[in-house]
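Values quoted throughout were computed directly from the atomic coordinates according to the rules given, and no laboratory measurement underlies them. For clarity, every value in this text was computed on a predicted model and none was experimentally measured. Here the Cβ positions follow ideal geometry from the backbone for every residue, glycine too, while neighbour counts run over all protein chains shown.
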Ligand SMILES: Cc1ncc(COP(=O)(O)O)c(C=O)c1O
C-alpha cells in the first residue's frame, strides 16, 4: 500500500470495520443451525492460506472478507448452545459487542492515568463480581486472561505471604535458599493450579497430594494427616467445581484446619465458584468465602468472550505487593485503583469491559437465573440418561457437569466419536475413576431444554448404533 494512503481512518478501514461487524452478526445468527465442529482440521485448513509472507499489502476490506470466507470451515462451535465440551462459556453477544469497542478504542488499560474509562469500568466490574460471588468487598482483584493465570497469581501471592511469615522477602531474595513451604493439593485437582505451583517455583514433586472420594473431594482425614506432618505454614489448594463431577471440596471443615496451622488456602473455582452467587446453591460450597485467594473465570459461567478471569485475594495489599511493578511515570502505589497493580501484566487490553456489559445486561438476577437453569438442565439430562439401560451417570450431579459412561470403555469411546462426527451437539471426552467418560458441561447462556433433549437423542442414537 502506498505510504501516502495511510491515514488515521480511510474509507477502506471503514468498510473493513463494517464488514467485521456484519460478519459477526451473520455468524451469530447462523450459530443455532450450524454444525458444532469445524469442517477442516488444521492441516487441511492451512492449505487455504498462502503460506508465504506477503510482500505487498492488500486492502483492509479484502483481508477481512478473506478471513470471514475461510473462518467458517475451521471454527469450533464454542459459542453454540449445543456445544457441551470442556467448560466453555458462549461469548454472549452483548459481551462480544463490547469487545469490538475495546479493540477499536485500543486502550492500554495498565493505569488510571492512561485510561480513566477502562480503569473505572474495570474497578466497577471487580466490585460487582465480589458482590455477586458473595466474597468480602475489600478483596484485591486482578483481571487476567483466565483461571490458569488467576491460579498462578493466587499461588505466587500465597508463596510470598507465607515466606514473609517466615521472615523471608521473596521480591528481594528470590527463592534460592528460601525456607520451605509445604504445598498440599487435592489428588483430583485440575492441571491449572498444578501449573501455578510449578510457575511459582514451588515444585510439583515436593507437593503432597490428598486422597479424594469418588467425586474428587479431598478427604478430611487425609488433610488432617498432611497438616500434622507440616513443620511450616502450608499452602493448601482446594477446588470449587471438579472438572468431571462439578464437586466441591469440604471447605467449611478444611479451611479452619489450615488456618489453625498458620497456612493459606487458595481455591481454584474456575467455573464452580459461580455457584456461590446463587443463594439456593450456596450451601453446596459453604465456607469457601473463608479462603485466602480464589481463581474464577469470566469466560466460563459469566459467558464473557475469551479471554477473561479473576484472581481474587482477601488481603489486597498481599496481591499488590506480589504483582505490582511500578515505573516512576505511574501513579504512586496505593493512591488510586490501578488495574496493573493486581496483575502480572503492565500493558493490557481492557478485558474487563465485556464482563461489565454482560452483568449490566443480565443484572444480578439474570446471572443467577442462568446458573440455576444450567444446574437444573444437568439434573434433567442425568435423570433421563440414568433410566436408559447400559448408560451410567458417574457423578452426583451437584452443578452443571454430567459424567456419562456406557457398558464398556470401548462403547463409550465409539458413542462419543459418533456424536462428535454427526456434529449436532458436542460433548467432550474425559477419564473418571479409571473409566472413559462422555463429559457434558452445560454452561452456554443460550442453552435451553430443547438443546438438552437433542443431546439426549443424539447420545441414544449413537448408543443404539454402536452397541
Ligand atoms: C476447574 C478448572 N480450573 C482451571 C481451568 C483452567 O481455566 P482457563 O482455561 O480459563 O485457564 C479450568 C478449565 O476448564 C477448570 O475447569
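A few comments on the model shown:
- Cα gyration tensor shape of the range 101-357, rounded if a/c is under 1.5, else prolate or oblate by comparing a/b with b/c: oblate
- A straight chain from residue 220 to residue 253 at 0.36 nm per residue would run longer than the Cα-Cα distance by 11.1 nm.
- Prolate/oblate/rounded call for the chain, Cα gyration tensor, a/c under 1.5 rounded: oblate
- Fewest neighbouring Cβ atoms within 10 Å first, the residues 355, 322 line up as 322, 355.
- Residues residue 195 and residue 283, FRET efficiency given R0 of 41 Å [Cβ-Cβ distance, rounded to 0.05]: 0.85
- Label-to-label distance, nm, for residues given as residue 467 and residue 421 (7 Å Cα→Cβ offset): 1.9
- Sorted by Cβ density within 10 Å, fewest first, the residues 408, 245, 413: 408, 413, 245
- Compared with the direct C-alpha span, the chain from residue 103 to residue 326 gains 77.8 nm at full extension, assuming 0.36 nm per residue.
- Of the beta bridges in the chain, as assigned by DSSP with both residues counted there, near 60 percent are antiparallel.
- Taking label positions 7 Å along the Cα-Cβ direction at both residue 6 and residue 21, the computed distance is 2.7 nm, reported to one decimal.
- Residues 451, 315 arranged by fewest to most Cβ contacts within 10 Å: 315, 451
- Centroid-to-centroid, using Cα positions, the range 157-207 and the range 235-314 are 19 Å apart.
- Length gained when the stretch residue 204-residue 346 is fully extended (0.36 nm per residue, less Cα-Cα span): 48.3 nm
- A Förster radius of 60 Å, combined with the Cβ-Cβ distance separating residue 30 from residue 166, puts the computed FRET efficiency at roughly 0.55.
- Relative contact order of the chain: 22 percent, from C-alpha pairs under 8 Å at least 6 residues apart in sequence.
- Cα centroids of the range 61-113 and the range 384-416: 33 Å apart.
- Percent antiparallel among DSSP beta bridges (both partners in the range 215-311, rounded to 5): 35
- Estimated FRET transfer efficiency when R0 is 30 angstrom, pair residue 41-residue 307 (beta carbons, to 0.05): 0.80
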